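Contents: one structure, followed by commentary.
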Amino acid sequence: GPGMVIAIDGPSGSGKSSTSKGVAAARGFEYLDTGAMYRAMTWWMMHHRVDVDDAEAVAAAASRPVITMGTDPSAPTVQVDGTDVAQAIRTQEVTSSVSAVSAVPAVRERLVAMQRDTIARARRESGGIVVEGRDITTVVAPDAAVKIYLTASAEARAARRSKEVRTDDVEATKRALALRDRLDSSREDSPLTQTEDALELETSGLGLQEVIDIVVGLADEAA
Ligand code: C5P
(Lines give C-alpha, C1' and ligand atoms only; values in the text may rest on other atoms or scores of the structure.)
Protein backbone atom coordinates (compact mmCIF):
# COMPACT_ATOMS: atom_id res chain seq x y z
CA GLY A 1 0.00 0.00 0.00
CA PRO A 2 0.98 3.67 0.03
CA GLY A 3 3.92 4.72 2.19
CA MET A 4 3.56 6.09 5.70
CA VAL A 5 3.79 9.78 6.60
CA ILE A 6 5.37 10.80 9.92
CA ALA A 7 4.83 14.49 10.72
CA ILE A 8 7.06 16.23 13.28
CA ASP A 9 6.55 19.84 14.43
CA GLY A 10 8.15 21.83 17.21
CA PRO A 11 10.12 24.95 18.08
CA SER A 12 13.73 25.65 17.09
CA GLY A 13 16.29 23.44 18.78
CA SER A 14 13.81 20.80 19.93
CA GLY A 15 15.77 18.12 18.04
CA LYS A 16 13.43 17.80 15.03
CA SER A 17 16.12 17.38 12.40
CA SER A 18 18.28 14.81 14.20
CA THR A 19 15.20 12.87 15.27
CA SER A 20 13.56 12.97 11.83
CA LYS A 21 16.72 11.86 10.01
CA GLY A 22 17.29 9.09 12.54
CA VAL A 23 13.73 7.77 12.25
CA ALA A 24 13.80 7.91 8.44
CA ALA A 25 17.14 6.07 8.33
CA ALA A 26 15.92 3.43 10.79
CA ARG A 27 12.89 2.61 8.63
CA GLY A 28 14.33 3.26 5.15
CA PHE A 29 12.02 6.24 4.67
CA GLU A 30 12.63 9.52 2.88
CA TYR A 31 13.18 12.74 4.83
CA LEU A 32 11.93 16.27 4.09
CA ASP A 33 13.30 19.29 5.97
CA THR A 34 10.68 21.98 5.27
CA GLY A 35 12.60 24.55 7.33
CA ALA A 36 15.41 24.23 4.76
CA MET A 37 12.89 25.19 2.04
CA TYR A 38 11.91 28.40 3.88
CA ARG A 39 15.61 29.09 4.43
CA ALA A 40 16.32 28.50 0.71
CA MET A 41 13.53 30.94 -0.23
CA THR A 42 15.02 33.48 2.22
CA TRP A 43 18.54 32.98 0.82
CA TRP A 44 17.25 33.64 -2.70
CA MET A 45 15.49 36.86 -1.60
CA MET A 46 18.66 38.14 0.08
CA HIS A 47 20.83 37.09 -2.89
CA HIS A 48 18.53 39.05 -5.23
CA ARG A 49 18.35 42.07 -2.91
CA VAL A 50 14.64 41.74 -2.17
CA ASP A 51 13.84 43.54 1.11
CA VAL A 52 12.73 40.66 3.34
CA ASP A 53 10.68 43.03 5.49
CA ASP A 54 8.67 44.16 2.45
CA ALA A 55 5.95 41.49 2.35
CA GLU A 56 4.62 42.68 -1.02
CA ALA A 57 8.05 42.48 -2.64
CA VAL A 58 8.61 39.02 -1.15
CA ALA A 59 5.19 37.84 -2.37
CA ALA A 60 5.86 39.20 -5.87
CA ALA A 61 9.13 37.21 -6.09
CA ALA A 62 7.94 34.04 -4.33
CA SER A 63 7.39 32.06 -7.54
CA ARG A 64 10.88 32.72 -8.94
CA PRO A 65 13.40 30.52 -7.06
CA VAL A 66 13.68 26.93 -8.26
CA ILE A 67 14.08 24.93 -5.05
CA THR A 68 15.12 21.27 -5.25
CA MET A 69 15.24 19.02 -2.19
CA GLY A 70 17.11 15.71 -1.91
CA THR A 71 15.25 13.44 0.53
CA ASP A 72 17.83 10.76 1.40
CA PRO A 73 18.10 11.03 5.23
CA SER A 74 21.79 10.08 5.18
CA ALA A 75 22.62 12.89 2.71
CA PRO A 76 19.79 15.43 2.41
CA THR A 77 20.44 18.20 -0.11
CA VAL A 78 18.98 21.61 -0.94
CA GLN A 79 19.53 23.49 -4.17
CA VAL A 80 18.33 26.87 -5.36
CA ASP A 81 18.49 27.50 -9.13
CA GLY A 82 20.90 24.59 -9.38
CA THR A 83 23.29 25.86 -6.67
CA ASP A 84 23.97 23.82 -3.52
CA VAL A 85 22.97 26.10 -0.63
CA ALA A 86 23.24 23.62 2.25
CA GLN A 87 25.82 25.79 4.03
CA ALA A 88 24.58 29.19 2.86
CA ILE A 89 21.12 28.73 4.36
CA ARG A 90 22.55 28.17 7.88
CA THR A 91 24.14 31.62 8.27
CA GLN A 92 23.09 34.07 10.97
CA GLU A 93 21.77 36.43 8.26
CA VAL A 94 19.39 33.84 6.82
CA THR A 95 18.38 32.57 10.28
CA SER A 96 17.40 36.05 11.47
CA SER A 97 15.38 36.83 8.30
CA VAL A 98 13.61 33.51 7.73
CA SER A 99 10.65 34.20 10.06
CA ALA A 100 9.71 37.35 8.09
CA VAL A 101 9.84 35.53 4.75
CA SER A 102 7.95 32.48 6.02
CA ALA A 103 5.12 34.69 7.33
CA VAL A 104 4.24 35.75 3.75
CA PRO A 105 1.20 33.75 2.53
CA ALA A 106 2.40 33.55 -1.11
CA VAL A 107 5.63 31.93 0.11
CA ARG A 108 3.76 29.39 2.22
CA GLU A 109 1.26 28.62 -0.55
CA ARG A 110 4.05 27.73 -2.97
CA LEU A 111 6.20 25.74 -0.52
CA VAL A 112 3.25 23.83 0.97
CA ALA A 113 2.22 22.78 -2.56
CA MET A 114 5.77 21.52 -3.21
CA GLN A 115 5.80 19.70 0.14
CA ARG A 116 2.50 17.97 -0.62
CA ASP A 117 3.80 16.92 -4.06
CA THR A 118 6.93 15.45 -2.48
CA ILE A 119 4.86 13.60 0.13
CA ALA A 120 2.52 12.18 -2.52
CA ARG A 121 5.45 11.01 -4.65
CA ALA A 122 7.23 9.45 -1.66
CA ARG A 123 4.05 7.60 -0.68
CA ARG A 124 3.91 6.06 -4.16
CA GLU A 125 7.63 5.33 -4.52
CA SER A 126 8.95 4.43 -1.06
CA GLY A 127 7.98 2.96 2.30
CA GLY A 128 7.29 6.38 3.70
CA ILE A 129 8.56 9.84 4.53
CA VAL A 130 9.37 11.79 7.69
CA VAL A 131 8.49 15.48 7.33
CA GLU A 132 9.60 18.08 9.85
CA GLY A 133 8.61 21.73 10.29
CA ARG A 134 6.17 24.03 12.07
CA ASP A 135 2.85 23.32 10.33
CA ILE A 136 3.21 19.72 9.16
CA THR A 137 0.79 18.18 11.67
CA THR A 138 -1.71 21.04 11.23
CA VAL A 139 -1.61 22.14 7.57
CA VAL A 140 0.74 20.18 5.31
CA ALA A 141 -0.13 16.61 6.34
CA PRO A 142 -2.94 16.62 8.94
CA ASP A 143 -3.79 13.02 7.95
CA ALA A 144 -0.29 11.70 8.72
CA ALA A 145 -0.25 8.28 10.43
CA VAL A 146 2.05 9.59 13.17
CA LYS A 147 1.96 13.19 14.39
CA ILE A 148 4.46 14.42 16.95
CA TYR A 149 4.99 17.76 18.67
CA LEU A 150 8.60 17.72 19.84
CA THR A 151 9.50 20.01 22.73
CA ALA A 152 12.33 20.65 25.17
CA SER A 153 13.00 23.29 27.79
CA ALA A 154 14.35 26.65 26.61
CA GLU A 155 17.60 25.78 28.40
CA ALA A 156 17.98 22.39 26.72
CA ARG A 157 17.19 23.85 23.30
CA ALA A 158 19.67 26.72 23.71
CA ALA A 159 22.37 24.32 24.91
CA ARG A 160 21.87 22.03 21.89
CA ARG A 161 21.78 24.87 19.38
CA SER A 162 24.88 26.55 20.90
CA LYS A 163 26.77 23.30 20.43
CA GLU A 164 25.60 23.02 16.81
CA VAL A 165 26.71 26.53 15.90
CA ARG A 166 29.82 26.28 18.14
CA THR A 167 29.23 29.29 20.36
CA ASP A 168 29.81 29.65 24.10
CA ASP A 169 27.18 32.38 24.40
CA VAL A 170 24.24 30.18 25.43
CA GLU A 171 22.28 33.21 26.71
CA ALA A 172 22.45 34.97 23.31
CA THR A 173 21.41 31.71 21.60
CA LYS A 174 18.50 31.40 24.01
CA ARG A 175 17.34 34.95 23.23
CA ALA A 176 17.60 34.37 19.45
CA LEU A 177 15.61 31.11 19.69
CA ALA A 178 12.96 32.78 21.85
CA LEU A 179 12.56 35.61 19.34
CA ARG A 180 12.24 33.23 16.35
CA ASP A 181 9.74 31.04 18.24
CA ARG A 182 7.66 34.09 19.14
CA LEU A 183 7.59 35.24 15.49
CA ASP A 184 6.79 31.72 14.21
CA SER A 185 4.02 31.21 16.80
CA SER A 186 2.34 34.60 16.42
CA ARG A 187 2.08 34.95 12.62
CA GLU A 188 -1.38 34.96 10.98
CA ASP A 189 -0.75 32.23 8.41
CA SER A 190 -0.11 28.69 9.77
CA PRO A 191 1.60 29.58 13.06
CA LEU A 192 3.51 26.96 15.04
CA THR A 193 0.78 25.51 17.26
CA GLN A 194 0.50 22.47 19.43
CA THR A 195 -2.77 20.69 18.71
CA GLU A 196 -4.64 18.01 20.64
CA ASP A 197 -4.12 15.29 18.08
CA ALA A 198 -0.31 15.50 17.91
CA LEU A 199 1.54 13.54 20.56
CA GLU A 200 3.73 15.78 22.71
CA LEU A 201 7.22 14.41 23.24
CA GLU A 202 9.26 16.31 25.83
CA THR A 203 12.92 15.53 25.10
CA SER A 204 14.87 17.61 27.67
CA GLY A 205 15.98 14.59 29.69
CA LEU A 206 16.27 12.16 26.78
CA GLY A 207 19.15 11.21 24.52
CA LEU A 208 18.74 11.33 20.73
CA GLN A 209 18.64 7.54 20.36
CA GLU A 210 15.91 7.29 23.01
CA VAL A 211 13.78 9.84 21.15
CA ILE A 212 14.34 8.05 17.82
CA ASP A 213 13.36 4.71 19.40
CA ILE A 214 10.12 6.18 20.77
CA VAL A 215 9.09 7.60 17.38
CA VAL A 216 10.06 4.39 15.53
CA GLY A 217 7.94 2.49 18.07
CA LEU A 218 4.95 4.74 17.36
CA ALA A 219 5.45 4.27 13.61
CA ASP A 220 5.55 0.48 13.97
CA GLU A 221 2.35 0.61 16.04
CA ALA A 222 0.63 2.73 13.38
CA ALA A 223 1.77 0.51 10.48
O1 C5P B 1 13.45 24.27 11.14
P2 C5P B 1 14.23 25.53 10.90
O3 C5P B 1 14.67 26.20 12.15
O4 C5P B 1 15.35 25.35 9.92
O5 C5P B 1 13.17 26.50 10.19
C6 C5P B 1 13.55 27.80 9.79
C7 C5P B 1 12.32 28.71 9.77
O8 C5P B 1 11.46 28.33 8.71
C9 C5P B 1 11.45 28.70 11.02
O10 C5P B 1 11.95 29.59 12.01
C11 C5P B 1 10.11 29.19 10.45
O12 C5P B 1 10.08 30.59 10.34
C13 C5P B 1 10.10 28.60 9.05
N14 C5P B 1 9.32 27.38 8.91
C15 C5P B 1 7.96 27.50 8.72
N16 C5P B 1 7.21 26.38 8.49
C17 C5P B 1 7.77 25.18 8.43
C18 C5P B 1 9.16 25.02 8.66
C19 C5P B 1 9.91 26.15 8.91
O20 C5P B 1 7.42 28.59 8.77
N21 C5P B 1 7.01 24.10 8.17
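The values are calculated or read from the model by the stated rules, or taken from the named source; none is laboratory data. All values reported here derive from a predicted model rather than from experimental measurement. Because the Cβ atoms are built from the backbone with ideal geometry, glycine has one as well, and the counts that use them run over all protein chains shown. To get the accessible areas, we keep the full protein, side chains included, count just its heavy atoms, and leave off ligands, DNA and RNA. Shrake-Rupley method; radii C 1.70, N 1.55, O 1.52, S 1.80 Å.
Per residue, the solvent-accessible area of region 161-219 (1.4 Å probe, heavy atoms of protein chains only, all protein chains present) comes to 65 Å². Calculated accessible area for region 13-67 comes out at 40 Å² per residue, all protein chains present (probe 1.4 Å; ligands, DNA, RNA ignored).
The lysines whose alpha-carbon is closer than 19 Å to the alpha-carbon of residue 163, local same-chain residues fewer than 8 away aside, are 16, 21, 174. Distance between the modelled labels on residue 195 and residue 106, one decimal in nanometres: 2.7 nm (7 Å Cα→Cβ projection). Taking the DSSP beta bridges with both ends in the chain, the antiparallel portion is around 25 percent. Each label was represented as a point 7 Å from its Cα along the Cα-to-Cβ direction; for residue 202 and residue 165 these points are 2.6 nm apart.
Protein-only accessible surface at a 1.4 angstrom probe places the residues 56, 30, 188, 202 in the order 188, 56, 202, 30, largest first. The GNM of the chain, with springs linking C-alpha atoms under 10 angstrom apart, assigns the highest mean-square fluctuation among 91, 118, 137 to 91. Loop-located trypsin sites (Lys or Arg not before Pro) in region 12-78 (DSSP state other than H, G, I, E, B) with a sparse environment of at most 13 neighbouring Cβ atoms within 10 Å: 49. Over the chain, DSSP H runs of length four or greater, each weighted -39,500 (n - 2.57), average out per residue to a 222 nm ellipticity of -15500 deg cm²/dmol.
Just the number, please: carbon plus sulfur as a percent of the accessible area of the chain, 1.4 Å probe, no ligands or DNA/RNA counted. Mind showing how you got there, number by number?
Values: 5330 of 10730 Å².
So the carbon and sulfur contribution to the accessible surface is 50 percent.
Between residue 68 and residue 209, what FRET efficiency comes out of the Förster formula 1/(1 + (r/R0)^6) with R0 = 45 Å and r the beta carbon distance, rounded to 0.05?
According to the calculation, E is roughly 0.90.
Since only 71, 133, 13 are under comparison, the one whose Cα sits farthest along the positive direction of the charge dipole of the chain, derived from C-beta charges on Lys, Arg, Asp and Glu, is 71.
Compute the Cα gyration tensor for region 167-206, then decide on rounded, prolate or oblate, letting a ≥ b ≥ c be the square roots of its eigenvalues: rounded whenever a/c is under 1.5, prolate when a/b is larger than b/c in the other cases, and oblate in all that remain.
Details: a/c = 4.97, a/b = 1.28, b/c = 3.88.
Oblate, because a/c is 1.5 or more while a/b does not exceed b/c.
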